[in-house]
């Protein structure tokens, strides 16, 4: 009996650590909205597309995105210096901390979390007229604009 308790404890600890490692690996880059949102970010970004939650990208990515607004994915999305600074500050203060420290992708779809969660979805699904691209989150996730990307909200 004295040997069984320590072995049981080791087994349970190993299972817990494995579950945590698996969860953390699958969850890298999971989108999250901060407790408070920025009205300028919401208004300016959602004027053209969904205002992507800051937790989708690391701070380095948001800095790159915001420093290239004159060539924002083929569109001139330039803002005043004050608006750019305010939005940049909001984004870099609420980034994903689940990317490697050197990662700075420009697209949310380049993250590990996105690839794990969407890896089995065929390109044909993303090409549908109702979706158009991988970056059109709200086409499938009705709560995406408020940071809810729960699989259970995807229409069947």
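The values are calculated or read from the model by the stated rules, or taken from the named source; none is laboratory data. Everything numeric in this text was worked out from a predicted model, so none of it was measured. With ideal geometry, Cβ positions are generated from the backbone for all residues, glycine too; neighbour counts draw on all protein chains shown.
Overview of values
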quantity	calculated
Those residues of region 57-110 which are in a loop (DSSP other than H, G, I, E, B) and modelled with pLDDT of 95 or more, in sequence order	68, 76, 77, 78, 79, 80
Qualifying residue in region 124-140 (condition: in contact with a helix residue (DSSP H, G or I) (Cβ under 9 Å, 6 or more places away or on another chain), closer than 21 Å to residue 36 by Cβ, in a loop (DSSP other than H, G, I, E, B) and at pLDDT 85 or above)	no
Residues being more than 13 Å from residue 77 (Cα to Cα), in contact with a helix residue (DSSP H, G or I) (Cβ under 8 Å, 6 or more places away or on another chain) and outside any loop (DSSP other than H, G, I, E, B) - total across region 35-49	1
Hits in region 111-123 - residues which are under 15 Å from residue 56 (Cα atoms) and outside any helix (DSSP H, G or I)	111
Residue match in region 56-77 (condition: in contact with a helix residue (DSSP H, G or I) (Cβ under 8 Å, 6 or more places away or on another chain) and under 22 Å from residue 150 (Cβ atoms))	yes
